[in-house]
Amino acid sequence: MTDLTRLHAHEMSPLLRVGEVSSRALTEAHLAAAERQNHSLNAWLVIYRTEALAQADAADRRLAEARRTGPAALAALHPLCGVPVGLKDLVSVKGGQATAGSKILAGYIAPFDSTVTARLRQAGAVILGKTNMDEFAMGSSTEHSAYGPTANPWDLTRVPGGSSGGSAAAVAAFHVPLAIGTDTGGSIRQPASMCGVVGMRPTYGRVSRYGIVAFASSLDQIGPFGRDVRDAAILLHAVSGHDRRDATSAPIPVPPELLSLPDSDDEAASYLRGRRIALPREYFVEGMEPGVAARVREAVAAMQAAGAKVEEVSLPHTDYGLATYYIIAPAECSSNLARYDGVKYGFADRSSGEFIADYLRTRGAGFGPEVKRRIMLGTYALSAGYYDAYYLKAQKVRTLIKADFDAVWAAGFDSICAPTSPTVAFPLGAKLADPVAMYLIDACTLPVNMAGLPGVSVPAGLSDGLPVGLQIVGAPWSELSMLRLARAYEAITARATWRAVEPAELHLTDDPTTPSPAERMTRHTQGASATGSGGQA
Amino acid sequence: MATLSRADVEHVAHLARLGLTEEELARLEGQLNHILDQYTILTMLDTEHIPPTAQTIELANILRDDVVTPSLTTDEALSNAPERSGDHFVVPAILGGGEGGA
């Protein structure tokens with residue numbers, strides 16, 4: 001019998017439909033892998049064995065019923081019926097935890113399902129558990145989780161990226177074929193890049209955020225991780241679409257073709273012919289690791305050889321992106337996180353008996369260092385006398401950044417191709433002491449959020465044995481075109497030797513004596529504390 | 001742009017209702033100023049006639065009929081309350097507590 005954890009969701013679905021494999025068997029195999037390796041990876045904050053098996057049995061009953069009814073009933077089932085998925089631990093699942101990686105939400109039990117959860121249940125997906133993340137999705141390494149960092153299955157001494165590092169690592173380690181993340185400044189694409197998987201941030205408004213813990217509301221979007229483009233497209237299809245409970249979700253139809261990206265590599269590759277790809281020169285500058293730039297240029301050259309037309313373009317306000325983002329996102333977070341007041345839910349310190357003092361203690365003890373830093377930045381940027389200089393200024397520059405992208409679409413380009421992250425995965429602890437060095441890791445992804453655009457990161461080879469991601473960005477609502485392009489790139493590199501390489505240190509995770517990621521991070525930061533921090537991006 | 005003094009950091013912490021230790025305040029003073037230094041690049045851009053962007057998709061107001069639909073029950077809404085009394089959240093005494101905030 002083949003190892004069920006190596007299957008893609010699009011391979012599971014036909015087997016489930018004909019009854020050749022059961023959802024229970026698939027779920028058992030994935031649960032076993034997740035449970036066995038979580039000590040070494042810390043990708044999961046909770047694994048729902050009992051609930052997952054019950055959902056798997058329910059999916060098996062749905063599948064059996066559809067088989068009895070006939071081909072039309074089987075065809076009506078979503079391809080995710082019976083397929084295990086992971087959810088970042090800021091997605092509400094009724095009756096379960098939603099810590100958002102924070103101590104302030106320890107013990108919180110969601111009284112309702114998010115729309116994403118409800119849609120996955122409707123599709124018949126099996127929710128295997130909740131994945132680790134930077135606290136309130138603020139971070140680029142998953143080291144800012146209050147529940148310890150996650151390790152990268154390619155090298156257990158390195159970060160998986162972040163903030164959705166648990167989801168990326170779980171998919172890369174074959175614990176689930178698919179997982180949900182959120183992306184405010186790169187938090188899906190960047191960990192996907194560092195873990196060698198596919199991750200997509202859809203257009204702002206594509207996926208309902210009802211029931212998702214908020215970070216920065218003009219930037220947050222929910223999206224899929226998968227080990228190939230077809231799988232990511234299937235998960236995106238399941239969770240997308242207008243929702244009356246989220247006023248920012250858009251009444252734009254979800255393309256059904258997301259479920260039928262070509263299986264044939266030849267057919268997929270033909271999509272490249274005549275496509276116009278823009279290569280922004282500002283994304284290949286100092287600070288970019290040579291190995292990353294080389295892999296991305298090779299990827300673009302391969303697409304050109306397959307018929308795409310590649311031209312260099314300028315996105316002239318790229319250099320202003322980091323400062324703009326790190327005003328807007330903290331400002332929005334300082335407002336969103338005002339709700340953690342120790343009254344309605346979450347951690348509360350009532351030891352003083354005095355309102356303001358209890359408020360200060362609750363928030364002082366409940367939030368971690370990065371969240372406090374961003375609340376401070378945002379509160380300052382919005383405070384009297386500084387609003388115009390910081391927040392309003394940043395919103396105006398945001399207009400210019402968005403206009404840069406608009407000009408590319410107006411010039412007739414189909415997509416922009418760029419690196420996802422300027423570096424491969426860096427060592428645990430290397431950037432913890434220097435927030436600005438950590439923020440620079442998002443330089444290639446966060447302009448896309450500020451313009452509200454869809455972007456997908458796909459594996460594009462290895463540098464020093466670690467994964468490099470190619471980022472493909474498109475115009476609003478062009479997810480299907482972006483995924484077709486990503487699938488085409490996957491097709492033309494299907495026989496590349498690096499495609500067959502599995503995460504190098506995955507085998508170590510089975511060993512119960514392997515150190516936990518938290519132990520490795522402590523060791524590194526103690527060793528590096530004399531010099532302060534590692535090199536910047 | 002501006003530089004944050006230790007007193008400014010304490011003031012902002014109070015506005016944000018964050019109780020910070022001496023060590024945290026000292027570390028944040030350095031870190032926040034380092035981050036604010038990165039913001040100075042924005043002063044190089046003339047944005048006087050550029051409108052601000054607050055949202056990226058062109059959605060107008062979203063309206064719906066004003067009808068009652070199912071929502072959380074009182075028990076569900078109170079299920080995570082740190083302290084509850086009957087059908088109410090218990091809030092620490094607000095009046096007579098000394099300082100009035102900023």
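Nothing in this text is a laboratory measurement; each read-out follows from the coordinates by a stated rule. Small disclaimer: the values here were computed from a predicted structure and weren't measured. Note that we place each Cβ from the backbone using ideal geometry, even for glycine, and neighbour counts take in every protein chain shown.
Comparing B:Arg17, B:Arg27, B:Arg84 in a Gaussian network model of chain B, where Cα atoms under 10 Å apart are tied by springs, the biggest mean-square fluctuation is seen for B:Arg84. Approximating the spin labels as points 7 Å out from Cα along Cα→Cβ, the B:Arg64-to-A:Lys94 distance works out to 1.7 nm. In the range A:35-106, the convex hull through the Cα atoms has an average projected area of 6.2 nm², a quarter of its surface area. Assuming 1.567 mPa s and 4 °C, estimate D for chain B with Stokes-Einstein, Rh taken as the Kirkwood radius over Cα pairs, in µm²/s. The diffusion coefficient I find is 66 µm²/s. Per-residue Cβ neighbour counts within 10 Å put A:His317, A:His144, A:His242 in the sequence A:His242, A:His317, A:His144, beginning with the fewest. In this calculation the C-beta distance from A:Arg68 to A:His242 is compared with R0 = 45 Å, giving a FRET efficiency of 0.85.
Taking the Cα atoms of the range A:204-302, the ratio Rg/Rh between the radius of gyration and the Kirkwood radius comes to 1.05. What would the Debye equation give as log₁₀ I(q)/I(0) for the range A:1-147 at q = 0.16 Å⁻¹, counting only Cα atoms as equal point scatterers? Values returned for q = 0.16 Å⁻¹ are -0.86.
Other residues with beta-carbon under 9 Å from the beta-carbon of A:Gly455 carry, at +1 per Lys or Arg and -1 per Asp or Glu, a net charge of +1.
Label sites at A:Ser217 and B:Thr73, each approximated as a point 7 angstrom past Cα along Cα to Cβ, lie 2.9 nm apart. Residues of the range A:467-482 with an amide N closer than 20 Å to a point placed 7 Å from the Cα of A:Glu257 along the Cα-to-Cβ direction: A:472-482.
Taking other residues whose beta carbon is less than 15 angstrom from the beta carbon of A:Glu502, and scoring Lys, Arg as +1 and Asp, Glu as -1, yields -2. Cβ-Cβ distance of A:Arg276 and A:His8, R₀ of 41 Å, FRET efficiency by 1/(1 + (r/R0)^6): the value works out to about 0.85. Comparing B:Asp75, B:Asp46, B:Asp65 in a Gaussian network model of chain B, where Cα atoms under 10 Å apart are tied by springs, the biggest mean-square fluctuation is seen for B:Asp65.
Of B:Gly30, B:Gly86, B:Gly19, the residue with the greatest mean-square motion in the GNM of chain B, using alpha carbon springs below 10 Å, is B:Gly86.
Return a whole-number percent for the relative contact order of chain A, with Cα pairs under 8 Å and 6 or more residues apart as the contact set.
Rounded, it is 18 percent for chain A.
With a Cα cut-off of under 16 Å and a minimum spacing of 8 residues unless on different chains, the lysine pairs in the protein assembly as shown number 7.
Counting Lys +1, Arg +1, Asp -1, Glu -1, what net charge surrounds A:Met482 among other residues with beta carbon under 12 Å of its beta carbon?
Neighbour charge sum, excluding A:Met482 itself: +4.
Reported to the nearest whole Å, the Cα centre-to-centre distance from the range A:369-417 to the range A:95-130 is 30. The mean sequence separation of alpha-carbon pairs under 8 Å and at least six residues apart, normalised by the residue count of the range A:262-392, gives a relative contact order of 24 percent. Quick check for me: using +1 on Lys/Arg Cβ and -1 on Asp/Glu Cβ, what's the dipole size of chain A about its Cα centre, in debye to the nearest 20? Roughly 920 debye, rounded to the nearest 20. Applying 0.36 nm per residue to the separation of A:His39 and A:Tyr387 and subtracting their alpha-carbon distance, the gain on full extension is 120.7 nm.
Neighbour counts of other C-beta atoms within 10 Å: give me B:Met44, A:Met138 arranged from fewest to most.
B:Met44, A:Met138
Going from the fewest other Cβ atoms within 10 Å to the most, the residues A:Tyr387, A:Tyr380 appear in the order A:Tyr387, A:Tyr380. Per residue, the convex hull around the alpha carbon atoms of the range A:346-393 comes to 86 Å³. The label-point distance for B:Val91 and B:Ala26, in a model that sets each label 7 Å from Cα toward Cβ, rounds to 3.8 nm. Between A:Arg61 and A:Ile109, full extension at 0.36 nm per residue minus the direct alpha carbon distance yields a gain of 14.4 nm. Take every Cα pair under 8 Å whose residues are at least 6 apart in sequence, average their separation, divide by the length of chain B, and the relative contact order is 26 percent.
Among the GluC sites (Glu not before Pro) within the range B:1-89, those in coil by DSSP and having at most 16 neighbouring Cβ atoms inside 10 Å are B:Glu48, B:Glu58, B:Glu83. For the range A:399-452, the alpha carbon convex hull comes to 87 Å³ per residue, rounded to a whole number.
In the protein assembly as shown, the alpha-carbon atoms span a convex hull of 166 Å³ per residue.
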